[in-house]
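A quick write-up on the structure given underneath.
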Amino acid sequence: MLSALVYPICALRGAKLVNWLQDLFPEAASVLKVGRSWASKLAFAVLGRLRNRSLCWARANVVIGNHMARRVEQLGVDPMCIVTIPNWANGKLVYPVPHQVNSLRHEWNLQDRFVVAYSGNLGRAHDYQTILEAIGIVERERLSAAAFTNEQDQSYLTSDSTALATNPVEGKTRKPILWLFIGSGANYSKLQQEVVKHKLTSVVFRGYQPRECLAESLSCADVHLATLRPEMEGLSVPSKVYGSLASGRPVVFIGDRGGDTAGMLRRHNCGISIDQGDGAGLARALIELAENTALTNEMGRKSRQVLDKHFELRHAVARWQTLLNKVAAEP
């Protein structure tokens, strides 16, 4: 909403306005049911009109996903004034740290475990129920992939990954799966309560780690989880995905399988997407990855390649520099 305050000042000063949208407000607040009173709805309507006016007046509106670009265009903004610049990770700050030399993995006693990690904010926009269901399924089945064998089951691996997974490769293991949650958020504490309530024993919670430990923290994982409620697609993007890619780990995304994040993982074969609510599918996919280290490592290698080629800090800086130089040169 900052643009609604800034654009009249820019107009008075003869300045050029460039908006950078990390999410769309007030739509996101409405979807997340923040402020459900009639007064809140009225305020959201007024704020929305002011926001739309500021977007239409701006020389450029930078969004972080293609679905968000379409949402902004539907608000009446000229498509020529909408620019998509994805968020990024600093590949020099976050990089793959091998398990055997990862001090945090040793300190947290994660050796000989297949670690499924969620790192960052677990907030209102993020689904935790699907993860909770999958944890219960994996624990009840004692990590037995055979329990999920069914000719009618849908595979959540891409065609390239499926070919690799079905080959008898060296390194197939049956490591126990451990779930590691690092961070905080509105749903973080709810998940902690549910873990205690259901007496789940394979879950570890840690607080946010210092910035200088980020490479080791993210590299504790064998695979990373990311989630975004389907109704939030186009209103936000789970930018934690870029740090996961930088750590050289596959990403399992829970949300809209037709959205931006799912599409990126599918195009580059560096992760898997699961529908929200499909806890059994999530459990099955993770068991497949846990039992095939060759598959997991190959997808992790592709993750870092994608980061270096498309989503590293230098790429974002170059896109921003090009945009701002273009706006500055306009009459």
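Of the helices (runs of 4 or more DSSP H) that lie entirely inside the range 219-331, those containing 1 or more residues that are over 28 Å from Gln100 (Cβ atoms) and assigned by TED's automatic domain parsing to the domain that holds Pro26 span 313-329.
Here is the figure for the range 262-272: residues that are surrounded by 21 or more Cβ atoms within 10 Å (Cβ to Cβ) and either in contact (Cβ under 8 Å) with a residue 60 or more places away in the chain or of a type in the set (A, V, I, L, M) (or both) total 4.
Identify the residue in the range 8-51 that is of a type in the set (Lys, Arg) and part of a loop (DSSP other than H, G, I, E, B) and, among all such residues, is surrounded by the most Cβ atoms within 10 Å (Cβ to Cβ). Out of the qualifying residues, it is Lys16.
Of all residues in the range 4-17, those that are in the same structural domain as Val62 (by TED's automatic domain parsing) have Cβ atoms under 7 Å from Cβ atoms of residues that are modelled with pLDDT of 95 or more and part of a helix (DSSP H, G or I), 6 or more apart or on another chain, in Lys16/Val327. Among the residues of the range 260-308, those that are farther than 22 Å from Gly91 by Cβ and among the hydroxyl-bearing types (Ser, Thr, Tyr) comprise Ser273, Thr293.
Residue-by-condition table, conditions (1) farther than 30 Å from Val31 by Cα; (2) assigned to a loop (DSSP other than H, G, I, E, B):
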{"position": "Tyr95", "(1), (2)": "yes, yes"}
{"position": "Gln100", "(1), (2)": "yes, no"}
{"position": "Arg105", "(1), (2)": "yes, no"}
{"position": "Leu110", "(1), (2)": "yes, yes"}
{"position": "Val115", "(1), (2)": "yes, no"}
{"position": "Ser119", "(1), (2)": "no, no"}
{"position": "Ile131", "(1), (2)": "no, no"}
{"position": "Ala134", "(1), (2)": "no, no"}
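One residue stands out in the range 204-218 among those that are more than 23 Å from Gln192 (Cα to Cα) and either of a type in the set (D, E, K, R) or buried (at least 17 other Cβ atoms within 10 Å of the Cβ) (or both): the one that is farthest from the chain's Cα centre (by Cα), namely Glu212.
The values are calculated or read from the model by the stated rules, or taken from the named source; none is laboratory data. Please read all numbers here as calculations on a predicted model, not as lab measurements. All Cβ positions, glycine included, derive from the backbone under ideal geometry; neighbour counts span all protein chains shown.
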